[in-house]
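Novice: Next up is a structure, given as structure tokens.
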Amino acid sequence: MRWIGTANRGYSPYAIEELRRLLDGGTFSQLAAGETFLFEAASDKQDVRELIAAKPPIFLRHVQPVEQELEIKGDESDLSGLAAIVYDNKERLAGKNVSVHVRKGPVSNFVYTPAETKDALRPSFEALDSELVLQQPELIFAVYAAADKLYAGIGTPDEMLSDWPGGAIRFQREEGQISRAKFKLLEAEKTFGLDLSAYRSALDIGAAPGGWTSLLLERGLQVTAIDPAELHESLKGHPKLAYLKRNASEVKFGSNAFDLLVCDMSWSPMQMVKLVLELQQSLMPQATAIITIKLMHRKPLQTIREVIAKLEACFKVERAKQLFHNREEITLFLIKK
Ligand SMILES: C[S@@+](CC[C@H](N)C(=O)[O-])C[C@H]1O[C@@H](n2cnc3c(N)ncnc32)[C@H](O)[C@@H]1O
């Protein structure tokens, strides 16, 4: 059984390393340098899905089964070939809400855009009484156009690790949005299944210019924001915001003051761990922490292992994941023990 895996640009070698360990081997070949790869696992489809679900790899953003493949001809017969695959799978697809995700590699003989492909396939889905939807599909019909082959497969959003093509989740930029960093916390909220509005009192360390703080305030939390840099003007004076224009290492809080800690500083991982461990007494038992960990040097998997080993003294590590909006970093979701 073959699959297509996708990681953030430059991180596929680490996703491959994680998969090799998880699946006890496998063969891997590159489709888009540093980003997308084809792999074949010895285990069957269900086993691969269960192994990935039980221990989701940090750097694997998206995974698509390859159930059928077509030689690309570069003309309309490519679209009729895909329509035939839809028909072949009529029992699985009939009556379902389906998203069609089409991605193209950097070089491909496939001449159609994702939108054109979707339009061409629409009648095939309509004939099965399937509804084509953009969000919250029951099933995804995924197609990856490599140089000379089309790889197609069907799965649920959970099985593919995302309901966005290739896991490239997009949020609408809002009018007056303070920072791009806000997308990271929005994505963490969705990916980790958090309900931020269920928390009461958050500590945001490295808060400026204030994207994360603004989201926490929108969710109705009391926020204490720490940063020697200025918070955005639009936040100042917010009745639920306490802003301390200070260095994080200078501040101390009472016990059990916060049920949420968020921390998005571009610090070295070990400095970050030290800071978070020093702050732990100010967190309530079972408090959540969302922390970005900068990947400074060439061995991210080793760095992450060391960071997690240290944090486990006080926290249960629920997830470690490189989100689509993370650049040279990953995000940790922790629960205080
Ligand atoms: C990536 S930005 C944070 C962006 C923020 N999450 C947002 O949504 O706008 C990192 C911030 O960490 C702050 N920072 C760096 N060192 C710090 C320290 N010792 N104490 C507190 N904040 C610090 C920087 O001033 C910077 O504003």
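Novice: Any idea which residue in the stretch 1-21 is nearest to the chain's Cα centre (by Cα), counting only those that are open to solvent by 40 Å² or more (accessible area, probe 1.4 Å) and touching a residue at least 24 places away in the same chain (Cβ under 8 Å)? Walk me through it before giving the result.
Specialist: Narrowing the stretch 1-21 to residues open to solvent by 40 Å² or more (accessible area, probe 1.4 Å): 1-2, 9-10, 13-14, 17, 20-21.
Keeping just the survivors that are touching a residue at least 24 places away in the same chain (Cβ under 8 Å) gives 1-2, 9-10, 14, 17.
Working: Met1: 24, Arg2: 22, Arg9: 13, Gly10: 15, Tyr14: 15, Glu17: 18 Å.
Selected residue: Arg9.
Novice: I would also like to ask the following. Which of the residues belonging to the stretch 243-281 are over 16 Å from Gly206 (Cβ atoms) and surrounded by 15 or more Cβ atoms within 10 Å (Cβ to Cβ)?
Specialist: Within the stretch 243-281, Ala257, Asp259, Gln280 meet the criteria.
Novice: I would also like to ask the following. Could you check, for the stretch 264-272, whether at least one of its residues is within 11 Å of the ligand (Cβ to nearest atom), farther than 12 Å from Leu334 by Cβ and modelled with pLDDT of 95 or more?
Specialist: Among the residues of the stretch 264-272, at least one is within 11 Å of the ligand (Cβ to nearest atom), farther than 12 Å from Leu334 by Cβ and modelled with pLDDT of 95 or more, which makes the answer yes.
Novice: Let me ask you something else. If a residue has to be farther than 23 Å from His62 by Cα and not basic (Lys, Arg) to count, how many in the stretch 309-336 make the cut? Quick ask: steps written out before the conclusion?
Specialist: Step one: filter the stretch 309-336 for residues farther than 23 Å from His62 by Cα, giving 309-316, 335-336.
Checking which are not basic (Lys, Arg) leaves us with 309, 311-315, 335.
Selection size over the stretch 309-336: 7.
Novice: Quick one: in the stretch 22-32, which of the residues that are among the small types (Gly, Ala, Ser) and not in a strand (DSSP E or B) is surrounded by the fewest Cβ atoms within 10 Å (Cβ to Cβ)? It would help to see each step written out before you state the result.
Specialist: Residues of the stretch 22-32 that are among the small types (Gly, Ala, Ser), as a first pass: 25-26, 29, 32.
Of the ones still in play, those that are also not in a strand (DSSP E or B) are 25-26.
Details: Gly25: 12, Gly26: 17.
Step by step, filter the stretch 22-32, then rank; the result is Gly25.
Novice: Next question. Please go through the stretch 210-242 and give me each residue that is within 13 Å of the ligand (Cβ to nearest atom), out of contact with any His (no Cβ under 9 Å at 6 or more places or on another chain) and open to solvent by less than 60 Å² (accessible area, probe 1.4 Å), ordered by number.
Specialist: Selection gives Trp212, Leu215, Leu216, Thr224, Ala225, Ile226, Asp227, Ala229, Leu231, Leu235.
Novice: For the stretch 163-183, give me the residue count where each residue is at positive phi and either in the same structural domain as Thr213 (by TED's automatic domain parsing) or open to solvent by less than 60 Å² (accessible area, probe 1.4 Å) (or both). Give the steps one after another, and end with the answer.
Specialist: Narrowing the stretch 163-183 to residues at positive phi: 166-167, 176.
Restricting the remaining residues to those that are either in the same structural domain as Thr213 (by TED's automatic domain parsing) or open to solvent by less than 60 Å² (accessible area, probe 1.4 Å) (or both) gives 166-167.
Summing the residues that are at positive phi and either in the same structural domain as Thr213 (by TED's automatic domain parsing) or open to solvent by less than 60 Å² (accessible area, probe 1.4 Å) (or both) in the stretch 163-183 gives 2.
Novice: Looking at Glu174, Glu159, Glu138, can you tell me which residue is within 16 Å of the ligand (Cβ to nearest atom) and farther than 19 Å from Thr113 by Cα?
Specialist: Working: Glu159 fails: within 16 Å of the ligand (Cβ to nearest atom); Glu138 fails: within 16 Å of the ligand (Cβ to nearest atom).
Only one candidate passes the filter, namely Glu174.
Novice: Considering (1) touching a residue at least 40 places away in the same chain (Cβ under 8 Å); (2) open to solvent by 30 Å² or more (accessible area, probe 1.4 Å); (3) of a type outside the set (A, V, I, L, M), say which one Pro137 fails and leave the rest.
Specialist: In the conditions (1) touching a residue at least 40 places away in the same chain (Cβ under 8 Å); (2) open to solvent by 30 Å² or more (accessible area, probe 1.4 Å); (3) of a type outside the set (A, V, I, L, M), Pro137 misses (2) alone.
Novice: Something else now. Going residue by residue through the stretch 183-199, is there one that turns out to be within 9 Å of the ligand (Cβ to nearest atom) and of a type in the set (S, T, N, Q)?
Specialist: No - not one qualifying residue is present in the stretch 183-199.
Novice: For Lys299, all conditions in the list (1) under 20 Å from the mean Cα position of the chain (by Cα); (2) farther than 17 Å from Ala188 by Cα hold save one; what is the number of the exception?
Specialist: So the condition that Lys299 fails would be (1).
Novice: Only one of these conditions is not met by Thr288: (1) touching a helix residue (DSSP H, G or I) at 6+ places or on another chain (Cβ under 7 Å); (2) under 22 Å from Lys190 (Cα atoms); (3) open to solvent by less than 30 Å² (accessible area, probe 1.4 Å). Which number is it?
Specialist: (1)
Novice: Another question, if that's okay. Filter the stretch 320-332 for residues that are open to solvent by 20 Å² or more (accessible area, probe 1.4 Å) and more than 11 Å from the chain's Cα centre (by Cα) and give the result.
Specialist: Residues satisfying the conditions are Arg327, Glu328.
Novice: Mind telling me which of the residues Ala94, Ala84, Ala32, Ala54 ends up being out of contact with any Ser or Thr (no Cβ under 7 Å at 6 or more places or on another chain) and more than 15 Å from Val143 (Cα to Cα)?
Specialist: Ala54
The values are calculated or read from the model by the stated rules, or taken from the named source; none is laboratory data. Everything numeric here is computed off the predicted structure, so don't read it as measured data. Counting neighbours? That spans all protein chains shown, and the Cβs are built from the backbone with ideal geometry, glycine included. Note: areas computed on protein heavy atoms with side chains; ligands, DNA, RNA excluded. Shrake-Rupley method; radii C 1.70, N 1.55, O 1.52, S 1.80 Å.
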